[in-house]
1. Taking C:K310 as the anchor, which lysines have their alpha carbon closer than 26 Å to its alpha carbon, excluding any fewer than eight residues away along the same chain?
2. What FRET efficiency, computed as 1/(1 + (r/R0)^6) with R0 = 22 Å and r the Cβ-Cβ distance, is obtained for C:Q283 and A:K22, rounded to the nearest 0.05?
3. Work out the mean other chain Cβ neighbour count within 10 Å for the residues of B:48-56 and drop it here as an integer.
4. At most 14 other Cβ atoms within 10 Å plus a DSSP loop assignment makes a site exposed; report the longest stretch of chain B without any exposed trypsin sites (Lys or Arg not before Pro).
5. Need one value for C:365-375: mean number of C-beta atoms belonging to other chains within 10 Å of its residues' C-beta atoms.
6. Aspartates and glutamates within cross-link reach of A:K99: Cα-Cα under 13 Å, excluding same-chain residues under 8 positions apart?
7. Pick out, in residue order, every one of the GluC sites (Glu not before Pro) in region A:75-155 that is DSSP loop and has at most 15 other C-beta atoms within 10 Å; say none if there are none.
8. Got a sec? How would B:V191, B:V54 order by Cβ neighbour count within 10 Å, fewest to most?
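Where a number appears in this text, it was derived from the coordinates with a stated rule and is not lab data. Since the model is a prediction, treat every value here as computed from it, not as a measurement. We place every Cβ from the backbone using ideal geometry, glycine too, and count neighbours over all the protein chains shown.
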Amino acid sequence: MFIIKYIKEVYRGVKSLLVGMKRTLYYFTHHKEIITQQYPDNRDTLVMAERFKGEVVMPHNEKNEHRCTGCQACELACPNGTIKVVFKNELTPEGKKKKAIDKLVYHLELCTMCNLCVEACPSDAIKMAQTFEHSVFDRSELTKILNNPGSKIMDGVE
Amino acid sequence: MWSFSHIANELHEWLSSIFNPTWTLVIEMVLAGVAVIGLFAALGLVLVLMERRVAAWIQIRLGPNRVGPQGLLQSLADTLKLIVKEGLTPSGADKLLFNVAPFIAMIVAMLLMAPIAFAKDFQLWDMNIGVLYVSAVSSIMVISILMAGWSSNNKYSLMGAMRSGAQIVSYELSAGLSILTIVVLTGSLQVSDIIHAQATGWWIFKGHLPVWIAFVTFIIAVTAETNRAPFDLAEAESELTAGFHTEYSGMKFALFFLAEYINVFIVCAIGATLFLGGWMPFHIGNWTQFNHVMDYIPSSIWFFGKTFFLIFLIMWFRWTFPRLRIDQLLNLEWKYLLPISMINLLLATAMAILGWHF
Amino acid sequence: MYRETSILNDSSPVSPAGDDGAGNITINVGPQHPATHGVLHLVITLNGETIKKVEPHLGYIHRSIEKMCESLTYRQFIYVTSRMDYLSSHINNHACALCVEKGLQVEVPPRAQVIRVLMDELTRIASHELWWGAMAMDLGAFTPFFHAFRERESINDIMEETCGARLTMNYMVPGGVMQDLHPDFQKRVKEFLHLYKRKIHEYDELITGNIIFQNRMKGIGYLSPEDAISYGCSGPVARGSGVSSDIRKIYPYEIYNKLEFDEVLETAGDSFARYMIRLREMQQSIRIIEQLIDNIPDGDFQAKTKAVLKLPKGEFYQRVETARGELGVYIVSEGGTTPYRIKFRSPGFSNLSVLDHIARGSKLGDLVAMMGTLDLVIPDIDR
């Protein structure tokens, strides 16, 4: 009958609304379900995933030595022209001239964190760091030189 | 016992002892105006913060927590920002109407404050047509929205305003009918009479079925009348950007924003007065001991408690439901709420005549 | 009643109507508009609230990805495709990797295949989660967005742990995947499955069962199967009209032909059908993940490939099923290290093209609902 159908319709509609309201009331009263993190406050305890791709860095050992041979594999692998290798001539102990890297210029502002340079590096000289707070006031600060000043290539890395 | 009416009477006597009756009245009116504006500011700050907190907790977030302790000063900071913002008037806009519209919204909200009883014997104007006055004045609200939408010279604003016009005009019917249910049961339009009629129990308990239906209808209708979600078609963020106040910025926008919250407060106060007994404490029939215990809680706490409960209900709706479409909105009113509340009014009248309520 | 707005026909100097005399007004939704989720520009002709015509204008986020890919090597161009449909970047990368492998005739190790399928399905769930929240937001319900993000976040955390990024992973390389799975991967995925099963009924409580939502969705935006085919729709949009178009079933790639899952089909063809398709598709993805998560074979995660990849002269085409539909990658090679021409057949473009067809005659409020069910990602449409 029309009236019964009408009342059923109203009942079903109201019930569906009340079910939704019950769900939101549950969240309103259960504050332990809150999932947001207080970001700048939790900086000290924040742990990034170990594989997180934040920026490219070149690890140095305690003697200020790196593993980069200057093979330019990363420069070739990079899709955006982010990495530039600048060379200098160095004298080996035997007195021969040897090509070595002067600077490994890294443009963070162009980098898309695709990890292709790290994959391409044959001597594991570069890796991804887990930093992510890259904001600076001047974009020139984003152009970084990865090798430390006065650093040398590690012994045994060819 | 300490109460608002006590303070008001003392103030009146003190003023009468210094000035002649005319000046006393003028000074009292100014004081009342200042108090209302102060209440507006306070309510705006509290309600905005409350809305954000309710929304945050429902949405498994924390909500504002940076400005001040626990984020309590957040809405103050927002107000400060809105005050220093430039109030732009679009070049194609009708300048007079565009600038007047937010003030009309505010004035309507202010006028509606008059018959509300905030505490025992603490009321600005206890006129004998109090409830009728509320329904009459609240329909002026639509004029400010139409004005804002029309004068903005923006199609989104115009559409929002037209939606709002259709919506408020329709929903006033069922809001009015559900108010009438209580008027029929009480036999008076005066707010103080309605409250005193509930001394032996609130209408929502005394009036059973017809009052329950009227209460639900009233809540739905006022949610629509104040343009709150799920009936926020006038603003309909995802369809009309911001609806009728798309072109407003700075303090003019803030006035609309404030008027929305004040209206929510007022309709909830009316709802609390009509259905939940206003400032009347929770009384059970003639059980004197229990009623005495309840009387120890100040009447203003009863009033604000009930009002804020209803406000929470309306906020709860907003953060749970999706928005209706314009034709569904009108269907809901004309096909469901209006017939239901008409039959309900008939039922309530029969009940009042036959004395079936407690 | 409402449509007879005499104000619209008024020709006073301040008339904002700008109508054509027949009461039709034109409004621009976008490029910046809360409903378009990106820089889509819709020129809508309205009569009152009724839509007469919808004209999508594209190009605001055109980055010429196809041309860019032509100057990049076969290893490099994959990362760019993450930026097309950023919500299913794994699947885009997967399509490109598969196409290059087809040209190179490389056999992908079984472990890599399983990892790829797992990642694809996780991405599909994450994409549908975001769509669910965003569509509810289009309809004016804000809360579901945050609830959907809770589940999506845990997928993103899994991605971050294994792939090192949350949105544009660049994890697929020709011949396999870039890194092996993280040791915690299985545990984290199981945690996610647990969370998902605990919370999935809330989706029905909050939105699906809601009477307002059902009235907004049912019977609007009807798309007939014939139209779905002739407009080239794919994915959930086509399947909502009952057109079988799941590439995982029709042209199986990787190990999809060995897996047990159903192609989700609805026949109603309206917005609600398209909505239900995506919700049920999430269940199927969960089913696939459950089959694979304990059966990841040991072995290499990457096949041995040369340092410099060269595709033989010829044309290669690979299609995959993204969260939005069929993504086709077409590579023309001249035998060099870079593609001569690349063409992407993106699902969003064809799905957007039906918007005008299904929106005519409905109300303005329905337009956002329809756009929601088409699940448009604007960078995917523009490229």
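1. Of all the lysines, those that pass the test against C:K310 - Cα under 26 Å, at least 8 places apart if same chain - are A:K84, C:K67, C:K102, C:K343.
2. So, using R0 = 22 Å, E works out to roughly 0.40.
3. Rounded to a whole number, the mean comes out at 1.
4. The answer is B:86-358.
5. Across C:365-375, the average partner-chain Cβ count within 10 Å equals 3.
6. Qualifying aspartates and glutamates at Cα under 13 Å: A:E90, A:E158.
7. Qualifying residues, ordered by number: A:E94, A:E133.
8. B:V54, B:V191
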